[in-house]
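The structure under discussion appears below in the form of structure tokens.
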Amino acid sequence: MTSDTSALPGAPRLREKRPTVPWSDLFVQGADGADIRLRVYEAAARPSVTLVWAHGGSWTRGSIEGWHEACAALASLGTARIISVGYRLAPRWLHPTAVMDIAAATLWAQQKYSHPVLVGGDSAGGTLAAGVALWFRDNGLPLHGQVLAYPPLDPECSAASYRRSRSFPPRSLLLDAWGEYAGSGTDLRERLYLSPLHAARLTGLCPVSLIVGAADPVRDDVEQFAQRLAASSVPVDLEVSPAVAHGHFLDSSPANPVHRWIQTRLSLKNNQPATTEGA
């Protein structure tokens, strides 16, 4: 998958190519006063949209460095500025710390840049990004959209695809990861911003774009989430692709189908108004 030692064991290893785009590191203040590191990748062309990106890694692994080549590759494709968030990891930092760190990064981006700001992520990062969108809605804050790649959405991993698929990641790994991220207790599905699939209300969310592999164990979660969003009158588009594997975002080659899909979705969302709804 990548040379990053923080990447999940067993994930597919994909070909890399290292593009060159300007980037810089900075810190923003989180909701609790902590410093949150961001890495800002400037687009290959003049930026027309900003995407705040949450890396994967089962909420316990992953880093700005580990996702550096992939984020640079994505920025090199077009006119999207990419902001990679160094959110705090479980189990040291339990939910909702990571959600609030990404929310702080998104608020900073909205204050810094005049063009549309979206939130997104791959795998566990996609789950976090969806939680951030719910938090924005509940606080009456505008957001232009969500771009989510194969997010796990059910802490019980109960869908048939978890048992049907033999692809990465295995159900046992995800169950352990949910436990490390959420901590002890029951009714994890009911915890605010933890499991977007099981949120009590989805109406008023900003538009959502979803991609998942046809053989991905989280496929049923993603499809069910798309169905709930559509039933709640939330603009949603879903792509189920046999060419996409879980972890595919980390492939930094120009042909990466996940990066191409993201770039297309960002181009489509560029002219859409931000969505705002109070709780």
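The values are calculated or read from the model by the stated rules, or taken from the named source; none is laboratory data. None of these values were measured; they are calculated from a predicted model. Virtual Cβ from ideal backbone geometry, glycine too; neighbours counted across all protein chains shown.
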Q.
Considering only segment 89-100, I want to know if a residue exists there that is surrounded by 24 or more Cβ atoms within 10 Å (Cβ to Cβ) and either without any contact (Cβ under 8 Å) to a residue 12 or more places away in the chain or touching a strand residue (DSSP E or B) at 6+ places or on another chain (Cβ under 7 Å) (or both).
A. no
Q) So which of P19, P12 ends up being at pLDDT below 85 and more than 25 Å from L174 (Cα to Cα)? A) P19
Q) Among the candidates T186, T203, which residue alone is in a loop (DSSP other than H, G, I, E, B) and at pLDDT below 95? A) T186
Q) Among the candidates P217, P273, which residue alone is loosely packed, with under 14 Cβ neighbours inside 10 Å and either modelled with pLDDT of 95 or more or within 28 Å of N139 (Cα to Cα) (or both)? A) P273
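Which ranges mark the helices (runs of 4 or more DSSP H) fully within segment 66-176 that have 1 or more residues being within 21 Å of R265 (Cα to Cα)? It would help to see each step written out before you state the result.
Values: elements: 68-75, 97-112, 124-138, 160-164.
In segment 66-176, 68-75, 97-112, 124-138 are the helices (runs of 4 or more DSSP H) which contain 1 or more residues that are within 21 Å of R265 (Cα to Cα).
Hey, could you check segment 166-178 for residues that are of a type in the set (G, A, S) and surrounded by 15 or more Cβ atoms within 10 Å (Cβ to Cβ) and say which is nearest to A149 (Cα to Cα)?
From segment 166-178, those of a type in the set (G, A, S) are 167, 172, 177; that's our starting set.
Add one more test, that the residue is surrounded by 15 or more Cβ atoms within 10 Å (Cβ to Cβ), and what stays is 167, 177.
Details: S167: 16, A177: 18 Å.
Among those that are of a type in the set (G, A, S) and surrounded by 15 or more Cβ atoms within 10 Å (Cβ to Cβ), it is S167.
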Q) Out of (1) without any contact (Cβ under 8 Å) to a residue 24 or more places away in the chain; (2) aliphatic (A, V, I, L, M); (3) over 24 Å from P235 (Cα atoms), what's the single condition that is false for A200? A) (3)
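Is it fair to say L268 is at pLDDT below 95, of a type outside the set (S, T, N, Q) and closer than 23 Å to A45 by Cβ? Steps first, answer last, please.
Details: at pLDDT below 95: yes; of a type outside the set (S, T, N, Q): yes; closer than 23 Å to A45 by Cβ: yes.
It is true that L268 is at pLDDT below 95, of a type outside the set (S, T, N, Q) and closer than 23 Å to A45 by Cβ.
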